[in-house]
Amino acid sequence: QVQLVESGGGLVQPGGSLRLSCAASGSIFSIYGMGWYRQAPGKQRELVASITSGGSTRYADSLKGRFTVSRDNAKNTVYLQMNSLKPEDTAVYYCNAQTSPYEYWGQGTQVTVSS
């Protein structure tokens, strides 16, 4: 079992920045990749960014250059730095951890970009 707890969401003005954190606990040795997904109202959940245990990253094409995923292995925490935020980035952001054969999800954190 893996537990994930996200934090760092909130209300930000367009052009602003936020950093989300996802702290993993439990059977963390079994995790081979972690990622961030988001789901806006009325839309499907989509991948934002992911990072493997070796540090390889992948991003949604539309978010490259604005979002950065990173990890601190000592703290078992993954981060998502979001810059130049736009109203269309408004969504619930979910942390995801992949093991074999299961995947785990956090409870989600709301990000609202609005003036």
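The values are calculated or read from the model by the stated rules, or taken from the named source; none is laboratory data. Worth saying up front: this structure is predicted, and the values here are computed from it rather than measured. Here Cβ is always computed from backbone atoms with ideal geometry, including for glycine, and neighbour counts include all displayed protein chains. Please note that ligands, DNA and RNA were not included when accessible areas were found on the heavy atoms of the full protein model with its side chains. Shrake-Rupley method; radii C 1.70, N 1.55, O 1.52, S 1.80 Å.
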Under a point spin-label approximation (7 Å from Cα along Cα-to-Cβ), what is the ASN83-ASP61 distance to one decimal in nm?
2.3 nm
Test of understanding: in a Gaussian network model of the chain with alpha carbons linked when under 10 Å, which of TYR59, TYR93, TYR79 would top the mean-square fluctuation ranking?
TYR59
THR57 accessible area, nearest 10 Å², 1.4 Å probe?
70 Å²
For a bin width of 10 Å, list the pair-distance distribution of the chain built from all Cα-Cα distances, rounded to whole %.
15, 50, 29, 6, 0
Mind checking which of VAL12, SER25, ALA91 is farthest towards the positive end of the chain's charge dipole, using Cβ charges of +1 (Lys, Arg) and -1 (Asp, Glu) about the Cα centre?
VAL12
Of the peptides 95-105, 39-49, how do they stack up when ordered by the mean number of other Cβ atoms within 10 Å, highest first?
95-105, 39-49
Cross-link reach list, lysines versus LYS43, counting only Cα pairs under 26 Å and skipping chain neighbours closer than eight places:
LYS64, LYS86
Using Cα-Cα distances under 8 Å and only pairs 6 or more residues apart, what relative contact order does the chain have, in percent?
37 percent
Rounded to a whole number, what % of the accessible area of the chain do carbon and sulfur atoms account for, probe 1.4 Å?
47 percent
Quick one: which residues, 5+ away or cross-chain, put their amide H under 5 Å from the amide H of VAL48? H built at 1.01 Å from N.
TRP36, TYR37, ARG38
